[in-house]
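Structure first, commentary second.
The values are calculated or read from the model by the stated rules, or taken from the named source; none is laboratory data. Note that the coordinates shown come from a computational prediction; the quantities given were computed from them, not determined experimentally. All Cβ positions, even for glycine, are placed from backbone atoms using ideal geometry, and neighbour counts span all protein chains on display. Note: accessible area is taken over every heavy atom of the protein model, side chains too, but ligands, DNA and RNA are not part of it. Shrake-Rupley method; radii C 1.70, N 1.55, O 1.52, S 1.80 Å.
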Amino acid sequence: MKIDRNYKKIPKSALNSYSSFLKHAYQVLENHYQNEYVFKNAFLTDWLIKELGKSDSIIFNEFRIGGAVSDLAMFNGISKAFEIKTEFDSDQRLKGQIEYYSQVFNETYLIIPKEKLNMYKEYRKDVGIILFDNKNKEKFEFYNKAKFREKLNPTILMQILHTNEYKEIVEKYYGELPKMNSFNQYKLCYNLIKAIPINELNQMYLEQIKKREFDKILSLHTYRELNQICLALKLKKKEKRCLIKNLKQPIQI
C-alpha cells in the first residue's frame, strides 16, 4: 500500500521514459537526500567541468593512493586531490586519508556542506576547503585555497604508477633503462626514481598520469545527472551515447 501511495506521487511526465524517471529521482535526491553520489555529481557538474574546460586537465573517480582512495583526483599543471564529506560522513578516517594525499598531491581539498565548516575549518592549514550550499545559485565556493606542496613520497608514488609508467620515467631521466628482469625491475626503478630531484619527478609523474586513456564525457547541460556514473564506469563517448539511447526508451511496466 505504501509503495502504491508513493507511486501515485510521481508526476506522469516522469514516467514517459527511463531517462525522465531518472531525472525526477535525481531531483528528489538533490532536494531531500544529498548522499555522496549527488554531492559528487554536483561538484563535477557545477565546479570541475569549468576547470576542465579551461585546460588539458583530466580527472579520476576513486583514485587509489597507497592505503587511501581519493574521491576525485585532477591532474593538469599540478595535481589535486578532493575528499568529499557529506552531512552523513564522519571524520574518523580523515587524518589518515589526508596524510596519504599530502605525500603525492600538490594540493588537497576538502569539500563539505557549509553547515559543517566549524567541524573542519581548523583541521589542517595546508588543506583547502570548498563549501557546498544547495540553496545558493553558485553551490560551491572556496573557504580557503590549499597551499601548494611539492613533496613526493617515492614509495607511495610507485604504488600509483603502472609498470610501463615508472619505467618510462626512469628511461626519460637517465637516458636508458638498467638491465633488469620482471623480478627486480620494481626495486631497481624505485631506487633510481627516489634519486630524481622532486621538482623534476613531479613533472614527469604528471605527464605519465595525463597519458592514461581518457574520454572527456562530462556534460554541463545534457544528462548532467549521469556525469558521476559515467566517470566511475570510465565510459567512452560511444558507450555513453548508447546508455542515453537506452534510457530514452518508454518505461515497460
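Numbers for the structure displayed
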item: Which of ASN227, ILE251, GLN208, positive extreme of dipole for the range 204-252 (C-beta unit charges); result: ILE251
item: Solvent-accessible heavy-atom area per residue, rounded to whole Å², over the range 70-158 at 1.4 Å; result: 47
item: Distance (nanometres) between label positions extended 7 Å along Cα→Cβ at SER13 and ASN134; result: 2.1
item: Accessible-area composition of the range 32-155, carbon plus sulfur, in percent [1.4 Å probe]; result: 47
item: Note, ³J(HN,Hα) from phi for the range 37-49, Karplus 6.51, -1.76, 1.60, rounded to Hz, x at Gly and Pro; result: 4, 5, 4, 5, 5, 5, 5, 4, 6, 8, 10, 6, 4
item: Structure-derived volume of the Cα convex hull per residue in Å³: which label, when the choices are (i) 172; (ii) 197; (iii) 156; result: (i)
item: PHE21, PHE60, ranked by accessible area, largest first (probe 1.4 Å); result: PHE21, PHE60
item: For the range 213-220, 3J(HN,Hα) per residue [Karplus equation, 6.51 cos²θ - 1.76 cosθ + 1.60, θ = phi - 60°, Hz, x = Gly/Pro]; result: 4, 7, 9, 7, 10, 6, 10, 6
item: Using θ = phi - 60° and Karplus 6.51 cos²θ - 1.76 cosθ + 1.60, couplings along the range 117-132 (whole Hz; Gly, Pro as x); result: 4, 4, 6, 10, 5, 9, 5, 8, 6, 7, 8, x, 10, 10, 9, 10
item: Accessible-area value, CYS242, 1.4 Å probe, nucleic acids and ligands omitted, Å²; result: 70
item: Cα long-axis angle, helix 198-210 against the chain (0 to 90 degrees, to the nearest 10); result: 40
item: Theoretical gain in end-to-end length, LYS125 to SER182 [0.36 nm per residue, Cα-Cα removed]; result: 16.3 nm
item: Accessible-area ranking of MET119, MET74, largest first, probe 1.4 Å; result: MET119, MET74
item: Selection from ILE78, GLY175, ALA14 lying farthest towards where the dipole of the chain points positive, charges on Cβ; result: ALA14
item: Label-to-label distance, nm, for residues given as LYS172 and GLU239 (7 Å Cα→Cβ offset); result: 2.6
item: Within the range 67-112, percent of DSSP bridges classed antiparallel, to nearest 5; result: 45
item: Expected 222 nm ellipticity per residue - DSSP helices of 4 or more, -39500 (n - 2.57), all of the chain, to 500; result: -12000 deg cm²/dmol
item: Using alpha-carbon coordinates, inclination of helix 18-32 to the longest axis of the chain, degrees; result: 80
item: Crossing angle, helix 237-247 versus the chain [Cα axis fit, 0-90 degrees, rounded to tens]; result: 20
